[in-house]
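Read the structure below first, then the notes.
The values are calculated or read from the model by the stated rules, or taken from the named source; none is laboratory data. None of these values were measured; they are calculated from a predicted model. As a convention, Cβ positions derive from the backbone with ideal geometry for all residues, glycine included, and neighbour counts pool all protein chains shown. With ligands, DNA and RNA removed, areas are computed over all heavy atoms of the protein, side chains included. Shrake-Rupley method; radii C 1.70, N 1.55, O 1.52, S 1.80 Å.
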Amino acid sequence: MNTAVVSNILKYTVNRCLRAQNVIKIAAASAPVFKRDVHTTKPNNDLMEFFDVKKNWGETNIRVGRGWRLDELRIKSNSDLHKLWYVLLKERNMLYTMEHECKRQTRLFPNPERIDKVQESMDNIETVIRERNVAYYKLETGETGERPVEDVVNLFGLPEKYEKKEHFIPKFMNTRWVKSYYEHGFVNSAAVKKFMRLYKEKQYNVERKARNRDFNHVQHLLKRFPNMDMEALKAEYPDVDIEKAKRTKKARGHFMPKY
Amino acid sequence: MSTRWYPIYQKGNPQLRVFLPNFWMKIVQPQAKQLPNVVQFHCSMEMTKFDIKNYLEKIYHIPVVDVRTKIAIGKFRRDVGKGYVIKDDDVKTAYVVLPKDMKFEYPDIFANKKDDAEEEQKALGDAKKNFQDYLDRNKHRTDVPSWFTI
């Protein structure tokens, strides 16, 4: 019975690979007893790898398993992940080819969620690899090894996150780029100054309107619900002076004033 | 990846190494008639000719003699309702030349496709059955809205 359970688990593992033909030989070496349960077809190394297996041609419903989850990938070795990446890459290429052909023939592409499943699995592999990479870099160098991000001021004078990338020449040699940051460059030009003035004015107006709106709303709330929980009101509208709002004309209802 | 952007080409060694490539390629039916050893692909926009050659040789073990690429601009069209301009995606096409003795013919995927009418009949039958089930389910509670259920 125990054997049956184990073989079922193995089968289940194999079914998770979306295409039986591409299953990597993970379990084959470790468990020779269950060798027969693992289906390992030799890849045919042909352009026909870009197409689905012949039995699925013209089908309207192709059932597949789910994608790989993060927890399943975290317990795999780097080389297994590397192999699985190429399995998924080929699978995705195959699905793209079939989708394109279906579109060309104005047919429905059967089970398009297969592409999402493969893509999700690939994203998960990337996440796991990135986790390992960051852990390794932190241990060895004390940095994350991620792409560095810098806070810069862009040409319009606005703060921006700049993801650093490779350039052919260093910054100071790039005369065209440097020119706009000179004293009389684009960043300090009248046009950008005017833009910043108008931009700030706009931002100020947005803030002012929000302030007035909240104050008015609090007054109306006080008018309708004079016995309201004042602390809750203060928590909801921290910027509003509630004592001032209570004394206004708008906050007075058709009853004897409470405050 | 921390190196997910395409690295810049540097002269000399070590050359560019890709650990987990996320390039995609798909075979498409050629519009014009091609020689039997020429295959037409669509591929990621960032792929160079060398990338395509390496991709096919290293991942698919397909011998490649020559690669030619072109980028076709996507069509500009107007939205039917609102009238704003829509641009379709650009497509990078690769013409891959295989060795002389190799032949590739684009297969006919829908050659032995089952009869469409039969499929439609089946779908219609399913829809009818589902509707009947729905009616039967709500037979004894005509005054209750259909969304009120478990």
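So the values come out like this:
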{"quantity": "Close pairs (6 angstrom Cβ cut-off, 6 or more residues apart or separate chains): more than 7 Å from chain A (Cβ to nearest Cβ) in the stretch B:20-37, open to solvent by less than 60 Å² (accessible area, probe 1.4 Å) anywhere", "calculated": "B:Phe23/B:Ser44; B:Phe23/B:Met47; B:Pro30/B:Gln40; B:Asn37/B:Leu98; B:Asn37/B:Met102"}
{"quantity": "Number of the exception - A:Leu155 against (1) aliphatic (A, V, I, L, M); (2) in a helix (DSSP H, G or I); (3) more than 14 Å from chain B (Cβ to nearest Cβ)", "calculated": "(2)"}
{"quantity": "Yes/no for B:Asp101 being touching a Gly at 6+ places or on another chain (Cβ under 9 Å), more than 10 Å from chain A (Cβ to nearest Cβ) and in a loop (DSSP other than H, G, I, E, B)", "calculated": "no"}
{"quantity": "Scope the stretch B:133-150; condition open to solvent by 90 Å² or more (accessible area, probe 1.4 Å) and not in a loop (DSSP other than H, G, I, E, B); matching residues", "calculated": "B:Arg137"}
{"quantity": "Members of the stretch A:79-95 that are surrounded by fewer than 19 Cβ atoms within 10 Å (Cβ to Cβ) and either of a type in the set (Val, Ile, Thr) or out of contact with any helix residue (DSSP H, G or I) (no Cβ under 7 Å at 6 or more places or on another chain) (or both)", "calculated": "A:Ser79, A:Asp80, A:His82, A:Lys83"}
{"quantity": "Strands (runs of 3 or more DSSP E) (entirely within the stretch B:15-87) containing at least 3 residues that are more than 16 Å from the chain's Cα centre (by Cα) and within 15 Å of B:Leu98 (Cα to Cα)", "calculated": "B:66-72"}
{"quantity": "Residues within the stretch A:96-110 that are touching a residue at least 40 places away in the same chain (Cβ under 8 Å) and under 24 Å from B:Ile62 (Cβ atoms), tallied", "calculated": "2"}
{"quantity": "Boolean, A:Glu146 is open to solvent by less than 90 Å² (accessible area, probe 1.4 Å) and touching a Ser or Thr at 6+ places or on another chain (Cβ under 8 Å)", "calculated": "yes"}
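Rundown of residues vs (1) touching a strand residue (DSSP E or B) at 6+ places or on another chain (Cβ under 7 Å); (2) open to solvent by less than 30 Å² (accessible area, probe 1.4 Å), yes/no style:
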residue: B:Leu20; (1), (2): no, yes
residue: B:Phe41; (1), (2): yes, yes
residue: B:Thr69; (1), (2): yes, no
residue: B:Ile73; (1), (2): no, no
residue: B:Phe76; (1), (2): yes, no
residue: B:Lys82; (1), (2): no, no
residue: B:Asp88; (1), (2): no, no
residue: B:Val96; (1), (2): yes, yes
residue: B:Asp101; (1), (2): no, no
